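The values are calculated or read from the model by the stated rules, or taken from the named source; none is laboratory data. What you are looking at is a predicted structure, and each value in this text was computed from that prediction instead of being measured. Please note: Cβ atoms are built from the backbone with ideal geometry, for glycine as well, and neighbour counts cover all protein chains shown.
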Ligand SMILES: C[S@@+](CC[C@H](N)C(=O)[O-])C[C@H]1O[C@@H](n2cnc3c(N)ncnc32)[C@H](O)[C@@H]1O
C-alpha cells in the first residue's frame, strides 16, 4: 500500500465492509479510521451499520458515539435551548403556512424547524442536511415524532438539490437557520443566492426574510486580552494581524453599550441577492463614557411581524454570541461625540475598523 490514502480506499471498499459484517466492533473501528481520514459520510454509514448489527454491544456503542459525536458540532444543543429563537421561527412558520404549503428547510439539524412546519399544517416538507451524521439523527427524530409521512430528510447540501428529483416542484416557503455570531460564516448569503428562485416559487415566503449585522460603541470592563508584545517574555505581536474579536454572551455583565446601535450591513434575504462583496461605513453617536471597542450582533427579521435580535444588555440571552472588537486605545467620549466605523465583507466574513485619527 503506497500511502495512507490508498489504505483508506482499500479499507473503505464495499467487500471489506461486507467481510467485517460478522465483526461489528471491527466495523465500528473501520468507521473511526475512515473518519480520521476525512471520509465522514462513509464513516457515519458504517457506524450506523455496526450499531444495527450489535445494538447491545457496549464497545460498538462507545465507538459509534465517538464517530457520530465527532462529526457534529457541539453547538446544536445550545441553539435548541434558545427559546426566543425557537419561538420566533415557530411563530413565523405558523403565519406563513397554509393548507397545501410545500416547504423547504435548509439545514435540518435536529429537524426542529421541519417539524414546526409540519405541525403548522404544511402538506410536505423537504429538509436538507449536509452533515451525514446529523441527517441520520434528524431522520430518526422525525420518525419518532410521527412526521415521517410529511417530512423528507435529504442528506445533501442545498446547492445539490434539484426540482424534479429532491423537490416535486418549487416550494411556497423556504425556511433556514444557517446564521452565525457574525451572521455570515455559515454561508447564508451564498446558499440563499442559490436557492431563492431556483428552488422556490416567485412569490415564496423566505424565513427569515432579512438579516442585519448591528454594531454599537461599547466598553468591555474585563480586558482579558494579554499584552501580546510580552507573554512569558516572548513577543507575540504578529498575532495582532489575526482576527482579534472575542465572542461574549449577550448578557455579559462587563459589557456596556456606549451608543445607539446601527446596522453596519443589512441584507434582503428574500431577494436572493446577488450579495456581492461590499463596504459600508456607519457613524455612531456616543452616549458618553470610556469606549474601548465596538460590539456587533445580529438581527433576523423573520417576516413582516417577527424579529429576533440578540442585542447585548443586562439579562439578554441568546445561542449566538456577540462579537467584541477592541479599539487600539481607550477613547473618552462625551455624549454626542461621533465615531465612524468602516466595514468590509465578502460572502462569509466581515471586517471592521476605525479610521486612524477617528
Ligand atoms: C444552525 S443549524 C440549524 C439546525 C435547525 N434548522 C435548527 O434551527 O435547530 C444549521 C444546520 O444546517 C446545516 N447546513 C448549513 N448549510 C447547509 C446547506 N447549504 N445545505 C444543507 N445543510 C446545511 C448544518 O450542517 C447544520 O446542521
Q | Residues of region 155-185 classified as part of a helix (DSSP H, G or I), surrounded by fewer than 22 Cβ atoms within 10 Å (Cβ to Cβ) and under 18 Å from the mean Cα position of the chain (by Cα), total | A | 1
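Taking region 274-293, which residues are within 14 Å of residue 190 (Cβ to Cβ) and touching a strand residue (DSSP E or B) at 6+ places or on another chain (Cβ under 8 Å)? Don't jump to the end; show me each part of the working.
Start the filter on region 274-293 by keeping residues that are within 14 Å of residue 190 (Cβ to Cβ), which leaves 274-277.
Of everything in region 274-293, those that are within 14 Å of residue 190 (Cβ to Cβ) and touching a strand residue (DSSP E or B) at 6+ places or on another chain (Cβ under 8 Å) turn out to be 275, 277.
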Q.
Show me the strands (runs of 3 or more DSSP E) entirely contained within region 276-318 in which 1 or more residues are touching a residue at least 24 places away in the same chain (Cβ under 8 Å) and within 20 Å of residue 346 (Cβ to Cβ).
A. 278-285, 289-301
Q | Test set (1) modelled with pLDDT under 95; (2) within 11 Å of the ligand (Cβ to nearest atom); (3) surrounded by 15 or more Cβ atoms within 10 Å (Cβ to Cβ) - residue 73 fails condition number | A | (3)
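When region 77-91 is examined, which residues are found to be in contact (Cβ under 8 Å) with a residue 12 or more places away in the chain, assigned to a helix (DSSP H, G or I) and within 12 Å of the ligand (Cβ to nearest atom)? Steps first, please.
Step one: filter region 77-91 for residues in contact (Cβ under 8 Å) with a residue 12 or more places away in the chain, giving 78-82, 84-86, 88-91.
From what is left, the residues that are assigned to a helix (DSSP H, G or I) are 78-80, 84-86, 88-91.
Correct list: 78, 79, 80, 85, 86, 88, 89, 90.
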Q: Pull up region 92-108, narrow it to residues that are surrounded by fewer than 24 Cβ atoms within 10 Å (Cβ to Cβ) and within 16 Å of the ligand (Cβ to nearest atom), then point me to the one that is nearest to residue 134 (Cα to Cα).
A: 107
(Q) Report every pair of residues separated by at least 6 positions or lying on different chains whose Cβ atoms are under 7 Å apart, first residue within region 319-335 and in the same structural domain as residue 258 (by TED's automatic domain parsing) and closer than 17 Å to residue 353 by Cβ, second part of a loop (DSSP other than H, G, I, E, B) and at pLDDT 95 or above. (A) 323/181; 323/182
